[in-house]
Amino acid sequence: MELLKKKILEEGEVIGDDILKVDSFLNHQLDIKFLNEVGKEFWLKFRNDKVTKILTIESSGIAIAVMAAQYFDVPVVFAKKNISRNLETEIYTSEVFSFTKGTTYQIKVAKKYITAEDRILIIDDFLANGRAVLGLKDIIEQAGANLIGAGIVIEKGFQQGGKNLREAGVNVYSLAIIESMKGGKIVFREN
Ligand code: 5GP
């Protein structure tokens, strides 16, 4: 997606060799007009797949999932990271290792919000080592639902998540794939 690549180059900040900060439009301030275009791109790709629900993880995935959901006209379910006293007792859980925080956390989804009839599109902001998507995939499998694909805004192609998920048969669709960020220079994979 050319508009996304342009925004990454103009507004992105490379931290070290492997973290991209895009707080001005995706992870802190939200550029709604732009995110609407992102949501539309996911719809154009998956619109014929009879998606019944979009699944993401709080918090960064929610805004993107909501934008896409308006086009699909389906609900968004977001996996919760924190234990809350009013969370349902009937829940699916999975473990996710956080690339940015270096810790493992649990994600939880109330069973009543995913059923075996659901056809689920996963949406997330970044794909690094694929742990977040794998955690969501695990929950979808526990529910006996169908995983239609994973819509990712920014895939870091120099990490293994995309390769592993595609090899595992997941239909991963990334709007921009970064090949390298060495020395702060962002190079995109041609697609
Ligand atoms: P994965 O689970 O694929 O290893 O990492 C993906 C998750 O980690 C995403 O949900 C995202 O929140 C976070 N993440 C991974 N790499 C980056 C990055 O370079 N920048 C930002 N902002 N988040 C990242």
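The values are calculated or read from the model by the stated rules, or taken from the named source; none is laboratory data. Everything numeric in this text was worked out from a predicted model, so none of it was measured. With ideal geometry, Cβ positions are generated from the backbone for all residues, glycine too; neighbour counts draw on all protein chains shown. Surface areas here come from the heavy atoms of the whole protein model, side chains and all, with no ligands, DNA or RNA. Shrake-Rupley method; radii C 1.70, N 1.55, O 1.52, S 1.80 Å.
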(message) Give the residue list of trypsin sites (Lys or Arg not before Pro) in the stretch 108-191 that are DSSP loop and have at most 11 other beta-carbon atoms within 10 angstrom.
(response) Lys185
(message) With θ taken as phi - 60° and the coefficients 6.51, -1.76 and 1.60, list the Karplus ³J(HN,Hα) couplings across the stretch 133-144 in order, rounded to whole Hz; mark glycine and proline as x.
(response) 5, 5, x, 5, 4, 4, 5, 4, 5, 4, 7, x
(request) Could you list the GluC sites (Glu not before Pro) in the stretch 1-70 that lie in coil according to DSSP, counting only those with at most 15 other Cβ atoms within 10 Å of their Cβ? (result) Glu58
(request) For the stretch 124-191, report the accessible area per residue in Å² (1.4 Å probe, heavy atoms, rounded to an integer). (result) 41 Å²
(message) List the pairs from Lys33/Lys163; Lys40/Lys137; Lys81/Lys182; Lys137/Lys185; Lys80/Lys156; Lys112/Lys156 whose alpha-carbon separation is above 28 Å, in the order I gave them.
(response) Lys33/Lys163; Lys81/Lys182; Lys137/Lys185; Lys112/Lys156
(message) Would the stretch 1-120 count as rounded, prolate or oblate if I go by the C-alpha gyration tensor, calling it rounded below 1.5 in a/c and otherwise prolate when a/b exceeds b/c, oblate otherwise?
(response) oblate
(message) Are there any GluC sites (Glu not before Pro) in the stretch 59-131 that are in a DSSP loop and have at most 13 other Cβ atoms within 10 Å? List them by number.
(response) Glu88, Glu90, Glu117
(request) Could you quote the convex hull projected area for the stretch 48-191, Cα atoms only and averaged over all directions, in nm²? (result) 9.2 nm²
